[in-house]
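Read the structure below first, then the notes.
We did not get these values from a lab; they are worked out from the coordinates using the rules stated. Small disclaimer: the values here were computed from a predicted structure and weren't measured. Here Cβ is always computed from backbone atoms with ideal geometry, including for glycine, and neighbour counts include all displayed protein chains.
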Amino acid sequence: MIPGQSLLAAIPVGVRRVLGRLTGPQPGRTLIAIVGVSAAIGVLVVVTGLALGLAGTGTVDADETDYWVVPEGADVGTTPFAYEGARLSGVHSMTEELRDDERIENAHPVAFEPVNLYNEAEDESAFVLVMGVVPQNHVIAGIDTSTLDTSYPYYNDGGYNGTWTGELLASSAAAELLATDASSTVSVVDGDSEFEVQEVLTDGHELGFEDVPVVVTHLAELQSVAGLTESDQADQILVSASSSDVPSDIEATYDGVSVSSESGFDDLAADPTSLPFALAVGAALTSLGLGVAFVATMMGLELTATRTQTALLQAIGFTRGSMTALVLTETVTIAILGGLLGVALGFLGIIGINAGAASVFELPAIATMESLLAVYGLGAAVLVGLIAVCYPLYITFRTDTLEELTR
Amino acid sequence: MSPEYTDAAVVCADVSRVYNQRQSRFLGTGADPVTALSDVSLSVSPGEVVGIAGPSGSGKSTLLHLIAGLDSPTDGKITVDGVDVSNLSGRQRTKFRLEHVGLIFQRFYLLPSLSARGNVALPLVEQGVRKRKRRDRAEELLEQVGLGDRMTHRPGKLSGGEQQRVAIARALAADPALIIADEPTGELDTETGNRVLEVLVQDHSERAIVLASHDEETLAKADRVVQLVDGKRVE
């Protein structure tokens, strides 16, 4: 006998027993266990997808963005609203340096600042979130900035004394708050800067901008209004790059910055005060609890109902180790089958939620679907099996061989 | 142990089994002790088929369980294939059964989710035999018991006689020195039972077989029959 070989040999027997039960005349308990795990993992995938989506909505997301360069320690998930936190300095020069790197296709500095704007014509004022960008002849952060003056005159090589354009793009929510439309003029309360609305954004669907009071202007002009010119500050730099080495190279080159990737899981900062993180953790705990309860209960019932089989195996010489391997294999196999079904259900759920959000509330995708979610779901299913096996093992080792075989 | 038992496959020397013997000194006496077997001595030679006869409750099954290492005697000594079974730990008894004993039960006890071949191969799984060898051995045994065309059938698709033949093949899989059969034909009609017994006793050469039954026809297949009454051996 080869040491350990019997434990390994018990594994395919365990898998065959599960599949045999499923295709046999009484698949009930096994099916219920699988459905239970699939429901739990499905919920886990959907809620985690929502959490990832929530984490992602905090950033200025766009298809062309692969990485976000943010101040070290900043929670990229809440960056647009964390305007009191740390900011990047020297962003114009940093952006130029990044653009000089041939691996980087584009880099765009972005700043956010809540500003109290006043529409004198309508006597309306409101705080709106001003997003400052360096206009390009293409989409930045999901917004077509080509209607802004791409010569970016006010910056004037860091002098902040060029021609003031006062150009502003307003989301429909901001336009409504300020009672403005295209060509309206608004001024900064407690300041003398003026802006003219070039366009009301009705096509900001990708970012959900039309529902949020946001206006977009030249970064340099926002810096001037917000007092960010001295250190040339912005909140983040959006980077699109083809090489995966870029994030680490950026972090090595610039002190005090960190780079978040497009991967949604990276957005889930392990911060207990973060709603997305709390959602993800809550979903994980709930799903684990539900899954473990289903698998442990159903496997326990199955083993109780088939104690003579356990007794037979022990009678013909199956050791405790082999019985453990067998029951563990059966439990984890059930959990994995449930996990596979659960991941599929979860992805369908995410598709449904996003479709529903788009059609009912005209919101962009609110839940994220990515391949890592499948790996996460299956990993959770395996964990469910590993935790749940304690009860089936308890039932197994409580079985009295002689009593069962003479019953 | 008597000298003439030296080469025997099974030796039982003054074996007794009393249930409920240990009682709490503090919590009362509980149920009365029950003597299931009392001072039974027996030897079985290699290649011999010994029948254990007796009415219900005579101790037939108890004796078989003790010889098979499924239970331990309260008194006496049992040696099987040179191994003293009387004082083995639970773990040692499990290993003993795997290596020395093939078990056949009245109710077959096949795993319904495995094929006939999978059921036969179970002892070999525990022995760590490689898959190809397990498969070959299981198929060889199923051919031997006349089920060559039923290898992939699950127990639910087999008749009672066929299921018992699968159980016999399973008992033979690890090539044990001793086969223990407890009422092997108890669930079968006479004709089927006879066929199953023929399979069981065919070509057993050096393998000892101890079978318990209250059926005359079954016991007729044995080389000799030991009679038990009220847990005692009677001549």
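Have a look at A:Gln198, B:Val101, B:Ala13 and report the one farthest towards the positive end of the charge dipole of the protein assembly as shown, computed about the Cα centre with Cβ charges (Lys/Arg +1, Asp/Glu -1). In the protein assembly as shown, that residue is B:Ala13. Projecting the Cα atoms of B:Ser38, A:Pro135, A:Leu222 onto the charge dipole of the protein assembly as shown, computed from C-beta unit charges around the Cα centre, puts B:Ser38 farthest toward the positive end.
Taking amide H atoms as placed 1.01 Å from N in the peptide plane, the amide H of A:Gln136 lies under 5 Å from those of A:Thr145, each 5 or more residues away in sequence or on another chain.
Kirkwood Rh and Cα-based Rg: tell me the resulting Rg over Rh for segment A:92-186, rounded to two decimals.
Numbers: Rg = 15.2 Å, Rh = 15.0 Å.
Rounded to two decimals, Rg/Rh equals 1.01.
The amide H of A:Val212, built 1.01 Å from its N in the peptide plane, has A:Ala173 as neighbours under 5 Å, considering only residues 5 or more places off or on other chains.
From the convex hull of the Cα coordinates of chain B, what is the mean projected area in square nanometres?
Numbers: hull surface 55.8 nm².
So the Cα hull casts an average projection of 13.9 nm².
Per-residue packing, averaged as other Cβ atoms within 10 Å, sorts the ranges A:299-307, A:120-128 into the order A:299-307, A:120-128, beginning with the highest. Taking θ as phi - 60° and the Karplus parameters 6.51, -1.76 and 1.60, the scalar couplings of segment B:147-156 work out to 10, x, 9, 10, 4, 9, 6, 7, x, x Hz in sequence order, x denoting glycine and proline. With a ≥ b ≥ c the root eigenvalues of the C-alpha gyration tensor of segment B:187-226, is it rounded (a/c under 1.5), prolate (a/b larger than b/c) or oblate? It is oblate, given that a/c is not under 1.5 and a/b is not larger than b/c. Placing R0 at 45 angstrom, the Cβ-Cβ distance between B:Asp223 and A:Arg407 gives a FRET efficiency of 0.90 after rounding to 0.05.
Peptide B:62-72 shows a mean partner chain C-beta count of 2 within 10 Å per residue C-beta. Can you classify segment A:147-242 as rounded, prolate or oblate using the Cα gyration tensor, where a ≥ b ≥ c are the square roots of its eigenvalues, rounded means a/c under 1.5, and otherwise it's prolate if a/b beats b/c and oblate if not? Oblate, since a/c reaches 1.5 and b/c is not below a/b.
Counting only other chain Cβ atoms within 10 Å of each residue's Cβ, the peptide B:169-177 averages 1. Using the alpha-carbon positions of the protein assembly as shown, Rg (one decimal) and Dmax (whole number) come out as 39.1, 123 Å. How far is the Cα center of segment A:91-119 from the Cα center of segment A:297-336, in Å? Result: 61 Å between the Cα centres.
Just how many % of Cα pairs in segment A:316-407 lie over 16 Å apart, if you round to the nearest whole percent?
On the way: 2755 of 4186 pairs.
Cα-Cα pairs of segment A:316-407 separated by over 16 Å account for 66 percent.
Per-residue ellipticity at 222 nm for chain B, helices alone: DSSP H runs ≥ 4 residues times -39500 (n - 2.57), over residue total, nearest 500 deg cm²/dmol? All intermediate terms of the calculation are to be shown ahead of the outcome.
On the way: 8 runs with 74 residues, N = 235.
That comes out to -9000 deg cm²/dmol.
Taking each residue in A:19-26, count the Cβ atoms of any other chain within 10 Å of its Cβ, then average. What number comes out? Provide the component values of the computation, followed by the final result.
Numbers: counts 1, 7, 2, 1, 2, 5, 3, 3.
For this peptide, the per-residue mean of nearby foreign Cβ atoms is 3.
Across chain A, the relative contact order, built from alpha-carbon pairs under 8 Å that are at least six residues apart, equals 28 percent. Looking at the square roots a ≥ b ≥ c of the eigenvalues of the Cα gyration tensor of segment B:42-116, which shape do they give, rounded for a/c under 1.5, prolate if a/b is larger than b/c, or oblate? Taking the square roots of the gyration eigenvalues as a ≥ b ≥ c, segment B:42-116 is oblate.
Relative to one another, the C-alpha centroids of segment A:129-184 and segment B:67-140 are positioned 83 Å apart.
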